[in-house]
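What follows is a short report on a single structure.
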Amino acid sequence: MLRNPKDIADIFRRYYGNVIGNKIQQLLTEHLGIGKDLIVALKDKNQEEASKLNTKWYQNADEMAEAFSSINPFYPKEEIRNMLYEHLRLTTSEVNNRLQGNYVADINSYDMVQREILKMSQFFVNGIVKQFPNLF
């Protein structure tokens with residue numbers, strides 16, 4: 001999973017250059033790190049730390065929305081923010097179901113996260129195609 005930020009950033013590097021690619025990689029890597037730390041805090045029932053990390057996770061999503069919307073006119077900031085917030089909500093639900101031992105709900109939540117990720121992927125691809133139609 002930790003390879004995903006680089007792989008995703010490499011796609012954006014092709015169209016937006018290394019500075020943007022590096023920023024996207026950094027933000028996605030932070031996203032995963034915060035998520036990992038949040039899972040540990042939830043598992044350890046450390047609600048204070050979990051709350052701080054949850055706030056940090058949403059701030060990271062805000063930064064991602066800002067970064068993506070600044071590079072492509074087909075990436076409206078609020079739409080990206082809403083997608084990212086939904087992703088965080090779904091992921092949190094998945095983790096909570098797992099930690100509570102509700103494995104059927106965990107699997108269903110995982111499936112919802114996967115569908116949301118595919119939806120986001122298509123959104124970003126569509127934006128690149130619209131911005132650079134002569135390349136496709």
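The values are calculated or read from the model by the stated rules, or taken from the named source; none is laboratory data. Quick caveat, the model's predicted, so the values are computed rather than measured. Glycine also receives a Cβ, built like all others from the backbone with ideal geometry; neighbour counts cover every protein chain displayed.
Going by the conditions given, is Ala61 in a helix (DSSP H, G or I), touching a helix residue (DSSP H, G or I) at 6+ places or on another chain (Cβ under 7 Å) and over 18 Å from Ile117 (Cα atoms)? So Ala61 fails the test. Restricting attention to segment 56-101, the residues that are among the basic types (Lys, Arg) and either over 15 Å from the mean Cα position of the chain (by Cα) or at pLDDT below 95 (or both) add up to 1.
Every listed requirement among (1) closer than 20 Å to Tyr16 by Cα; (2) hydrophobic (A, V, I, L, M, F, W, C); (3) part of a helix (DSSP H, G or I) is met by Ala105 save one, (1).
Residue-by-condition table, conditions (1) of a type in the set (Ser, Thr, Tyr); (2) surrounded by 15 or more Cβ atoms within 10 Å (Cβ to Cβ); (3) under 24 Å from Phe132 (Cα atoms):
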site: Met1; (1), (2), (3): no, no, no
site: Leu28; (1), (2), (3): no, yes, yes
site: Asn54; (1), (2), (3): no, yes, no
site: Arg81; (1), (2), (3): no, yes, yes
site: Glu86; (1), (2), (3): no, yes, no
site: Thr92; (1), (2), (3): yes, yes, no
site: Gly101; (1), (2), (3): no, no, no
site: Ile107; (1), (2), (3): no, no, no
site: Met112; (1), (2), (3): no, yes, no
